[in-house]
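**Q** Quick one: structure below, then a few questions.
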Amino acid sequence: MKYIYICLISILFYLTACSGGSSSSTETGYVDPYLTSEKTVALKSYTLGSRSCSSSKSCGAIIFQGTLNDTNYVGFAVDNYQSGGSKFSLKIYWPGDSIPSSIDNPAGYVVEAVIDGTTYTSATGNLTGNLKATITSGTDSNGVAIYTITFTDSLTIGSLNIVSGDKIEAYRY
């Protein structure tokens, strides 16, 4: 009887481990680009209004392309969480199949920013101006591929005032 009981428990554990089920609520495909240490391979930088990070591997700046719920997205993000100081992050993304050479208020774009602990989003009306920029590919001084996003118009998100000429040098994630 003990032997049968042990076999049944073993089979139950085996079936549970191999079921492929998960309690995770994360969708398959696109993953939110949290800027962590694995994105430190390229020299990145950004100058966005009064916020900036000089060219270094610890600058949080990426450009990405991915899928969420069968919809393709393209976007870019920056943050200063690795370098300390007051909290700052900016994510801008829109539906798209590939990284374009320029953007001009792309349909369905979303802006999310955290500035000194306050969250601003395009959905809550904290956005004025135009999302216009050129996007070029190149390499950093170490030969690592990067993209340069250069804003060509003014965009204000909360207290962040991005002006024409502000730029992001980002690693492709």
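The values are calculated or read from the model by the stated rules, or taken from the named source; none is laboratory data. Computed from a predicted model, the values in this text were never measured in an experiment. Here the Cβ positions follow ideal geometry from the backbone for every residue, glycine too, while neighbour counts run over all protein chains shown. Protein only, heavy atoms only, side chains kept; ligands, DNA and RNA dropped before computing areas. Shrake-Rupley method; radii C 1.70, N 1.55, O 1.52, S 1.80 Å.
**Q** Considering each residue of segment 113-130, count those that are under 19 Å from the mean Cα position of the chain (by Cα) and either among the aromatic types (F, W, Y) or not in a loop (DSSP other than H, G, I, E, B) (or both), and give that number.
**A** Within segment 113-130, residues that are under 19 Å from the mean Cα position of the chain (by Cα) and either among the aromatic types (F, W, Y) or not in a loop (DSSP other than H, G, I, E, B) (or both) number 10.
**Q** Give me the pairs, please: first residue somewhere in segment 49-74 and over 18 Å from S137 (Cα atoms) and assigned to a loop (DSSP other than H, G, I, E, B), second residue anywhere and at pLDDT below 90 and open to solvent by less than 20 Å² (accessible area, probe 1.4 Å), beta-carbon distance under 6 Å, and either six or more positions apart or on two chains.
**A** Close Cβ pairs (under 6 Å, with a partner that is at pLDDT below 90 and open to solvent by less than 20 Å² (accessible area, probe 1.4 Å)) do not exist here.
**Q** Do we find that G85 is modelled with pLDDT of 50 or more and in contact with a strand residue (DSSP E or B) (Cβ under 8 Å, 6 or more places away or on another chain) in this structure?
**A** No; evaluated as a whole, the condition is false for this residue.
**Q** Just to be sure I understand the filter: pairs with C-beta atoms under 6 Å, separated by 6 or more residues or on different chains, first member in segment 132-149 and farther than 10 Å from E169 by Cα and touching a residue at least 24 places away in the same chain (Cβ under 8 Å), second member open to solvent by less than 30 Å² (accessible area, probe 1.4 Å) and in a strand (DSSP E or B). Which pairs pass?
**A** These pairs meet every condition: A133/I103; A133/I149; A133/F151.
**Q** Scan segment 111-129 residue by residue and report those that are out of contact with any Ser or Thr (no Cβ under 7 Å at 6 or more places or on another chain) and polar (S, T, N, Q).
**A** Those that are out of contact with any Ser or Thr (no Cβ under 7 Å at 6 or more places or on another chain) and polar (S, T, N, Q): T118, T119, T121, S122, T124, N126.
**Q** Any idea how many residues of segment 40-56 are open to solvent by less than 20 Å² (accessible area, probe 1.4 Å) and over 10 Å from V78 (Cβ atoms)?
**A** The qualifying residues number 1.
**Q** Shifting gears a bit: Can you pull out every residue in segment 57-71 that is open to solvent by 30 Å² or more (accessible area, probe 1.4 Å) and either at pLDDT 90 or above or not aliphatic (A, V, I, L, M) (or both)?
**A** Scanning segment 57-71 gives K57, S58, Q65, T67, N69, D70, T71.
**Q** Right, something else. When only residues in segment 142-173 that are among the small types (G, A, S) and not in a loop (DSSP other than H, G, I, E, B) count, which is most open to solvent (accessible area, probe 1.4 Å)? Give the steps one after another, and end with the answer.
**A** Filtering segment 142-173 for residues among the small types (G, A, S) gives 143, 145, 154, 158-159, 164-165, 170.
Cutting the leftovers down to not in a loop (DSSP other than H, G, I, E, B) gives us 145, 170.
Working: A145: 62, A170: 0 Å².
The qualifying residue most open to solvent (accessible area, probe 1.4 Å) is A145.
**Q** May I ask you to say which residue of V74, V110 is open to solvent by less than 70 Å² (accessible area, probe 1.4 Å) and at pLDDT 95 or above?
**A** Criteria check complete, one pass: V74.
**Q** Here's something else I'd like to know. In this structure, does T148 turn out to be among the polar types (S, T, N, Q) and out of contact with any Asp or Glu (no Cβ under 6 Å at 6 or more places or on another chain)?
**A** No; evaluated as a whole, the condition is false for this residue.
**Q** If the requirement is being more than 21 Å from G158 (Cβ to Cβ), under 15 Å from the mean Cα position of the chain (by Cα) and either assigned to a loop (DSSP other than H, G, I, E, B) or at pLDDT below 85 (or both), which of these qualifies: E27, E38?
**A** When all the criteria are applied, what remains is E38.
**Q** Another question, if that's okay. Being open to solvent by less than 50 Å² (accessible area, probe 1.4 Å) and in a loop (DSSP other than H, G, I, E, B) is the filter here; which residues of segment 131-141 pass it?
**A** L131, D140
**Q** Return yes when T121 is more than 16 Å from K44 (Cα to Cα), surrounded by 14 or more Cβ atoms within 10 Å (Cβ to Cβ) and free of Cβ contacts under 8 Å to residues at least 12 places away in the same chain and no when it is not. Even if it seems obvious, please write down each step before you answer.
**A** Details: more than 16 Å from K44 (Cα to Cα): yes; surrounded by 14 or more Cβ atoms within 10 Å (Cβ to Cβ): yes; free of Cβ contacts under 8 Å to residues at least 12 places away in the same chain: yes.
Judged against the criteria, T121 is a match.
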